[in-house]
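First the structure, in the form of structure tokens, and then the observations on it.
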Amino acid sequence: MVFVLGERSAMDTERRRQRRDDAFKTGTLFFAEGRQCADCLVWNLSMFGAMLEVEDETEVSNSGRFICERLYADRAYRMIWRDGRKLGIEFED
């Protein structure tokens, strides 16, 4: 990879409102009014959102509830992006 001094790619631009802390804990996404859920790995977390990883073919709703007991988190979420197994969520409450 070659970097040219003074130039930045879109991937270099940090858009988060707050730095996220590494978490590496398991959590669960609940959606469809609690009738469906998906287990996830929490890569990092802030008070505004998180980056998660799910199994390859797991379908995840664009909104629902994120719960991670080990991190004392129980928050409404909205999915912002997904790239394969990884996804970014924004907390709504």
> How many residues, within the stretch 24-40, are open to solvent by less than 40 Å² (accessible area, probe 1.4 Å) and closer than 17 Å to TYR72 by Cβ?
Replying inline: 4
> Of the numbered conditions (1) modelled with pLDDT of 95 or more; (2) open to solvent by 100 Å² or more (accessible area, probe 1.4 Å), TRP43 satisfies every one except a single condition; which is it?
Replying inline: (2)
> Name the residues in the stretch 77-93 that are under 11 Å from LEU29 (Cβ atoms) and more than 11 Å from the chain's Cα centre (by Cα), would you?
Replying inline: none
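Only one of GLY88, GLY64 is within 14 Å of ASP39 (Cβ to Cβ) and part of a strand (DSSP E or B); which? Talk me through it step by step, then tell me what you get.
Values: GLY88 fails: within 14 Å of ASP39 (Cβ to Cβ).
On inspection, the qualifying residue turns out to be GLY64.
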> If you check ASP22 against the conditions, is it assigned to a strand (DSSP E or B), of a type in the set (Asp, Glu) and modelled with pLDDT of 95 or more?
Replying inline: no
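The values are calculated or read from the model by the stated rules, or taken from the named source; none is laboratory data. No experiment lies behind these values; they were computed from the predicted model shown. Glycine gets a Cβ as well: all are built from the backbone with ideal geometry, and neighbour counts include every protein chain shown. Accessible surface areas use protein heavy atoms only, side chains included; no ligands, DNA or RNA. Shrake-Rupley method; radii C 1.70, N 1.55, O 1.52, S 1.80 Å.
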